[in-house]
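Asker: Dropping the structure in here first, questions after.
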Amino acid sequence: MTERDGFTAEGGHGAVPTAGVPTEPAPAAVRSDWDLYEVFLRGKRGLNHVHVGSLHAADPQMALHHARDLYTRRNEGVSIWVVRAADITASSPDEKDPFFEPSGDKVYRHPTFYEIPDDVPHM
Amino acid sequence: MTETLEQHFDATLAHEHRIEPRDWMPDAYRKTMIRQIAQHAHSEIIGMQPEGNWITRAPSLRRKAILIAKVQDEAGHGMYLYSAAETLGADRADLTDKLISGRQKYSSIFNYPTLSYADVGVIGWLVDGAAICNQVPLCRSSYGPYARAMVRICKEESFHQRQGYELLMTMMRGTDEQRQMVQDATNRFWWPSLMMFGPPDDQSPNTAQSMAWGIKRHTNDELRQRFVDMTVPQAEKLGVSLPDPELKWNEQRGHYDFGAVDWDEFMAVVKGNGPCNAQRIAHRKRAHDEGAWVREAAAAHAAKAKAARA
């Protein structure tokens with residue numbers, strides 16, 4: 001029984017081992033030089049581009065082609081942006097509270113801050 | 001410091017909010033997610049092979065186009081998942097290396113051979129049906145990128161299951177020989193499909209932790225029961241029998257009872273003694289090795305084009 005302990009159906013396609021499976025990232029024996037690109041899709045006209053995932057490509061043109069094949073097989077997009085992941089500057093989750101703090105105490109920026117009698121129309 | 005970070009992590013889970021890539025997370029959570037997502041990705045990638053086996057021998061152009069689209073989807077699912085694994089710090093080339101060196105595994109269902117075209121239908125119906133049972137709750141996984149990948153995947157799995165069932169209905173309307181092919185494929189894939197849900201709950205000690213982390217939503221036995229209850233009426237409608245003499249409706253439980261799964265067979269297949277283990281990995285390795293010059297040439301072309309622009 002004990003040898004079965006290390007299995008679970010945690011992945012979608014069924015039971016896989018959980019014991020003795022290395023998860024520490026290591027440099028691969030043959031490293032690919034292809035950059036990681038983040039992919040943004042406009043689902044239809046009138047909507048913003050939305051991040052959908054990432055992929056690897058040798059150059060931006062190939063990234064666009066791969067993004068088309070990977071993320072728009074069923075008309076999910078009318079426009080694609082790709083950007084090298086390394087070129088993205090992001091806010092840090094560690095300083096999340098101080099970073100967004102300036103807007104936290106400005107309740108007067110919200111319409112609900114102001115008390116207006118109910119019988120004033122169109123407000 | 002760690003204590004407040006851990007409290008923040010616990011509070012996020014308690015509110016059913018999602019954990020996102022750059023959030024602090026316990027090391028064990030990160031490792032579990034990498035393992036879960038990577039081996040799920042490997043399953044999708046290896047899962048292309050049993051059905052890909054029939055693309056050149058599809059019985060009609062319609063079936064061929066459907067099968068190509070389906071196998072392409074499996075590749076896509078693998079790519080969504082590798083992308084999610086990378087948000088945790090995994091390296092995609094390294095994950096491929098861990099798959100073809102056998103250090104990370106894939107679902108044992110793909111170590112069974114596909115002997116006739118009916119297998120394509122039965123894989124869609126039973127194997128993808130079981131995968132859907134597993135995957136739908138994973139759309140609510142606490143790890144954001146994995147949950148989002150699962151939403152995309154589940155939308156596409158529905159096509160996979162329906163094309164399989166339709167294929168089988170078509171064969172059942174055909175000749176006696178075709179009906180026999182469907183029955184034979186069902187007989188071969190029924191028990192391996194039940195094994196996809198993993199060992200019984202009393203032998204799955206990881207389940208409690210995974211459920212506490214919100215990365216597993218139902219136990220193995222719950223999902224297996226759900227799959228059996230869903231599938232029996234589908235089999236009746238199709239006109240095939242499921243190869244289990246103990247299978248019968250239990251009025252009291254409100255569920256179907258079914259026979260014991262042969263976990264010794266499951267262990268043998270996982271350990272590498274299934275019909276196709278060596279072939280699956282050898283094929284993946286060959287494809288990777290033979291693609292090396294393409295990856296290198298594309299990188300060289302990109303470097304040259306970049307230099308010319310500079």
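The values are calculated or read from the model by the stated rules, or taken from the named source; none is laboratory data. Since this is a predicted model, take the numbers as computed values, not measurements. With ideal geometry, Cβ positions are generated from the backbone for all residues, glycine too; neighbour counts draw on all protein chains shown.
Asker: Conditions: (1) within 30 Å of B:ARG224 (Cα to Cα); (2) surrounded by 18 or more Cβ atoms within 10 Å (Cβ to Cβ); (3) touching a Phe, Trp or Tyr at 6+ places or on another chain (Cβ under 9 Å). A:VAL21 meets all but one. Number of the miss?
Answerer: For A:VAL21, the exception is condition (3).
Asker: Answer yes or no: is there a residue in region B:75-95 that is more than 11 Å from the chain's Cα centre (by Cα), on the phi > 0 side of the Ramachandran plot and facing chain A (nearest Cβ under 8 Å).
Answerer: Yes: one or more hits.
Asker: Looking at region B:69-88 only, could you name the residues that are among the acidic types (Asp, Glu) and without any contact (Cβ under 8 Å) to a residue 24 or more places away in the chain?
Answerer: Scanning region B:69-88 gives a single hit, B:GLU86.
Asker: State yes or no: is B:GLN225 assigned to a loop (DSSP other than H, G, I, E, B), without any contact (Cβ under 8 Å) to a residue 60 or more places away in the chain and among the polar types (S, T, N, Q)? Give the derivation first.
Answerer: Values: assigned to a loop (DSSP other than H, G, I, E, B): no; without any contact (Cβ under 8 Å) to a residue 60 or more places away in the chain: yes; among the polar types (S, T, N, Q): yes.
Spelling it out, it is not the case that B:GLN225 is assigned to a loop (DSSP other than H, G, I, E, B), without any contact (Cβ under 8 Å) to a residue 60 or more places away in the chain and among the polar types (S, T, N, Q).
Asker: If you take the residues of region B:40-56 that are in contact (Cβ under 8 Å) with a residue 24 or more places away in the chain and over 11 Å from the mean Cα position of the chain (by Cα), which of them is farthest from the other protein chains (Cβ to nearest Cβ)? Lay out the reasoning, then the answer.
Answerer: Narrowing region B:40-56 to residues in contact (Cβ under 8 Å) with a residue 24 or more places away in the chain: B:40-51, B:53-54.
Of the ones still in play, those that are also over 11 Å from the mean Cα position of the chain (by Cα) are B:49-51, B:53-54.
Details: B:GLN49: 13, B:PRO50: 12, B:GLU51: 13, B:ASN53: 17, B:TRP54: 19 Å.
The extreme case among them is B:TRP54.
Residue by residue, here is whether (1) in contact with a Cys (Cβ under 6 Å, 6 or more places away or on another chain); (2) of a type outside the set (A, V, I, L, M); (3) surrounded by 10 or more Cβ atoms within 10 Å (Cβ to Cβ) holds:
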position	(1), (2), (3)
A:VAL50	no, no, yes
A:SER54	no, yes, yes
A:GLU76	no, yes, yes
A:SER91	no, yes, yes
A:ASP105	no, yes, no
A:TYR114	no, yes, no
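Asker: If you don't mind, another one. Can you list residue pairs whose Cβ atoms sit under 8 Å apart, with the first residue in region B:293-310 being at the interface with chain A (Cβ under 7 Å from one of its Cβ atoms) and the second being surrounded by 10 or more Cβ atoms within 10 Å (Cβ to Cβ) and aromatic (Phe, Trp, Tyr)? Count only pairs 6 or more apart in sequence or on different chains.
Answerer: Listed pairs, sorted by first residue: B:ARG295/A:TRP34; B:ALA298/A:TRP34; B:ALA299/A:TRP34.
Asker: If B:ARG284 satisfies all but one of (1) more than 14 Å from chain A (Cβ to nearest Cβ); (2) free of Cβ contacts under 8 Å to residues at least 40 places away in the same chain; (3) within 27 Å of B:THR114 (Cβ to Cβ), what's the number of the condition it fails?
Answerer: (2)
Asker: Name the residue that is surrounded by the most Cβ atoms within 10 Å (Cβ to Cβ), counting only residues in region B:2-33 that are charged (D, E, K, R) and within 13 Å of B:SER141 (Cβ to Cβ).
Answerer: Step one: list which residues in region B:2-33 are charged (D, E, K, R), which gives B:3, B:6, B:10, B:16, B:18, B:20, B:22-23, B:27, B:30-31.
Restricting the remaining residues to those that are within 13 Å of B:SER141 (Cβ to Cβ) gives B:16, B:18, B:20.
Details: B:GLU16: 9, B:ARG18: 18, B:GLU20: 13.
It comes out as B:ARG18.
Asker: Which of the residues belonging to region B:298-310 are over 9 Å from A:ALA58 (Cβ atoms) and assigned to a helix (DSSP H, G or I)?
Answerer: Of region B:298-310, the ones over 9 Å from A:ALA58 (Cβ atoms) are B:304-310.
Once the filter is applied, which keeps residues that are over 9 Å from A:ALA58 (Cβ atoms) and assigned to a helix (DSSP H, G or I), region B:298-310 yields B:LYS304, B:ALA305, B:LYS306, B:ALA307, B:ALA308, B:ARG309.
Let's see how each residue does on (1) more than 22 Å from B:LYS285 (Cα to Cα); (2) assigned to a helix (DSSP H, G or I); (3) at pLDDT below 95:
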| position | (1), (2), (3) |
| --- | --- |
| B:GLU3 | yes, yes, yes |
| B:ASP23 | yes, no, yes |
| B:HIS40 | no, yes, no |
| B:GLU74 | no, yes, no |
| B:SER83 | no, yes, no |
| B:LEU88 | yes, no, no |
| B:GLY102 | no, no, yes |
| B:LEU115 | yes, no, no |
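Asker: Assuming B:ILE215 fulfils every condition listed in (1) aliphatic (A, V, I, L, M); (2) within 22 Å of B:LEU126 (Cα to Cα); (3) surrounded by 17 or more Cβ atoms within 10 Å (Cβ to Cβ) apart from one, which condition is it?
Answerer: (2)
Asker: Restricting attention to region A:58-96, which residues are more than 16 Å from the chain's Cα centre (by Cα), of a type outside the set (S, T, N, Q), within 12 Å of chain B (Cβ to nearest Cβ) and not in a loop (DSSP other than H, G, I, E, B)?
Answerer: A:PRO60, A:MET62, A:ALA63, A:HIS65, A:HIS66, A:ARG68, A:ASP69, A:ASP94, A:GLU95, A:LYS96
Asker: So, in region B:235-253, of the ones that are touching a Phe, Trp or Tyr at 6+ places or on another chain (Cβ under 7 Å) and under 19 Å from B:PRO192 (Cβ atoms), which residue ends up surrounded by the fewest Cβ atoms within 10 Å (Cβ to Cβ)?
Answerer: Filtering first and then ranking leaves B:GLU246.
Asker: Sticking with this structure for a sec: Looking only at residues in region B:254-310 that are under 20 Å from B:MET195 (Cβ atoms) and β-branched (Val, Ile, Thr), which one is surrounded by the most Cβ atoms within 10 Å (Cβ to Cβ)?
Answerer: The qualifying residue surrounded by the most Cβ atoms within 10 Å (Cβ to Cβ) is B:VAL270.
Asker: Follow-up. Can you tell me which condition B:ILE37 does not meet? The list is (1) touching a residue at least 40 places away in the same chain (Cβ under 8 Å); (2) of a type in the set (Val, Ile, Thr); (3) touching a Leu at 6+ places or on another chain (Cβ under 6 Å); (4) surrounded by fewer than 23 Cβ atoms within 10 Å (Cβ to Cβ), and all the others hold.
Answerer: (4)
Asker: Residues that are more than 30 Å from B:ASN277 (Cβ to Cβ) and basic (Lys, Arg): does region B:16-27 have at least one? First the steps, then the outcome.
Answerer: So in region B:16-27, the residues more than 30 Å from B:ASN277 (Cβ to Cβ) come out as B:16-27.
Next cut, basic (Lys, Arg) only: B:18, B:22.
For region B:16-27, residues more than 30 Å from B:ASN277 (Cβ to Cβ) and basic (Lys, Arg): present.
Asker: Could you tell me whether region B:228-235 includes any residue that is more than 30 Å from A:ASP33 (Cα to Cα), of a type in the set (D, E, K, R) and touching a His at 6+ places or on another chain (Cβ under 6 Å)? Full working, then the answer.
Answerer: First, the residues of region B:228-235 that are more than 30 Å from A:ASP33 (Cα to Cα): B:228-235.
In the following step, the residues that additionally are of a type in the set (D, E, K, R) were identified as B:229.
If we keep only those that are touching a His at 6+ places or on another chain (Cβ under 6 Å) too, we end up with B:229.
The answer is yes; a qualifying residue exists.
Asker: Right, here's the next one. Is it the case, given these coordinates, that B:ALA118 is within 28 Å of B:PHE266 (Cβ to Cβ), hydrophobic (A, V, I, L, M, F, W, C) and within 11 Å of another protein chain (Cβ to nearest Cβ)? Break it down into steps so the answer makes sense when it comes.
Answerer: Working: within 28 Å of B:PHE266 (Cβ to Cβ): yes; hydrophobic (A, V, I, L, M, F, W, C): yes; within 11 Å of another protein chain (Cβ to nearest Cβ): no.
No.
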